[in-house]
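**Student:** Please read through the structure below; I'll follow up with questions.
Please treat every number below as a calculation from the coordinates, not as lab data. Only a predicted model underlies this, so the values are computations on that prediction, with no experimental measurement involved. In this analysis, Cβ positions are derived from the backbone assuming ideal geometry, glycine residues included, and neighbour counts consider all displayed protein chains.
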Amino acid sequence: MIAPMLPISLLLASLVAATPQPAIVSERGYTMPLTRRTNPRVFASEDEAGVWLQDIANKLVVKYNGTITPSDTNGSPSKRAQGTNLLVNQNADSSYYGSLAVGTPAQAFQVILDTGSSDLWLLSSNCQRGCAAVVPFDGTSSSTFNNLSTPFKITYGSGAASGYLVQDVVQMAGFQVPKQTFAVVNSVTSDLLNSPVSGLLGLAFQSIASSRAVPFWQALVQGGAWDQPLMSFVLTRFGNQARANTLEPGGQFTMGFVDPTMYTGDIVYTNIPAGQQSYWLIPMTGISVQGVPVSLGSTGPVNVAIDTGTTLIGGPSSAIAAIFAQIPGSQPGSGNTAGYWLYPCKTQVTVALTFGGQSWSISPSDFQLAAVSSTTCTGAFFELNMGGSAPSWIIGDTFLKNVVSVYRFNPPSVGFANLSSTAQGLSNINAPVPTPTLGLSPVGPGGKNGGKNGGIDHSWNIIQLAALLSALAVGALNVLV
């Protein structure tokens, strides 16, 4: 088992003593290392690159055109249980996913972890569209399943997901909500999911939940299940590594505490404006490109949504144009690259975002999203003109890979901290992907094995763990900049 990220010497010392033992979790909270999916960012042709870029952009536009519908409440959350749950993530820094368990006996599913939405939904065993090659949820296999018979639909700019609302036991990282309301979806369009992901776990506030249900994380924090009312992410970077595997370690997600080994200095919090607990929405006061301040697209600070479920950074056309005006040789894209800007690949671009008086830099390798030719690249800042109640800026993983991000329920705020060398070293790991289990009983995707432990573990054998520790040691010495 992989416990919260401990010093390498302590992990090595624990190998012999703890190999057959159940996982032991820090009393502070639960750490869930992530695994990330990766696609090399070099394409065979400009057309191929354009199709990929258009898909990434569509997912961003689609997401923030969502609408709202029906309702219900959760049961009381359980107190903390023994056990560490490791998460698995997906695809070339484009999304990060983890595992949760649903039902009695528990079925394990991979879900996108998304601070930019608030609903939990899983594909149904009766799914008819958009659900090929994924593991579905089967409510008839759960003795605690309750069909609420309430229609559920989320409508997007270029597609929709629809189904019905249900209740069942949901477990993650040793935490449990006995009657969590979520959606079982039988129709999905817009290429919202990619195998092996079966759904999405929203980590924003109830006010934007299409189901109107209390989100899983919010039920836990309001029920006092966490030591501290916060959760955090550390996300790895493999998009700049051409030889990266399809699945790679993705960092970690913690509930109830922030792992002190993952950051240096202080966590700098920026408060969510009063009465705006919807998205994780905070004021951004500045942007600079190559050290030169540029326009935010409006006068004064702008409220931005901090979104782990989005790959790009999206903002008003005028602001995106101002950013690329500082990069010689830039030009707007067209066709499949419409909304993007193109610039010379040889240019190292450093962009910094300012929150609460402190600036946080984005690595040039994160700014460089993809190469459309041998000399021309696309930037990871995208023109997003949403209007209405949607945020004017969406800050996704392009930025979040460069910091520890912390999402605090009370007082409502988002914090950032500098990555430690340990955290940065995680991006060098090429470890085996953990196997989902419940307690000590392995569970295949959608499996029916029960377990006494209230959460999903991902077991590692002694060889895998030794390989991980070796990679950690190398990563600590070869930190990516």
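**Student:** Please state the Cα pair-distance histogram of segment 261-420 with 5 angstrom bins from zero: what percent is in each bin?
**Tutor:** With a bin width of 5 Å, the distribution comes to 2, 9, 18, 23, 21, 14, 8, 4, 1, 0.
**Student:** Stretched out fully, how many nm does the piece from Ser318 to Val292 gain, at 0.36 nm a residue minus the Cα gap?
**Tutor:** Once the chain is fully extended between Ser318 and Val292, it gains 7.7 nm.
**Student:** Could you list Arg408, Arg129 in order of exposure, starting from the residue whose Cβ has the fewest other Cβ atoms within 10 Å?
**Tutor:** Ordered by Cβ neighbours within 10 Å, fewest first: Arg129, Arg408.
**Student:** Also: Cα centroids of segment 255-297 and segment 347-423: how far apart, whole angstrom?
**Tutor:** Taking the Cα centre of segment 347-423 as reference, the centre of segment 255-297 is 10 Å away.
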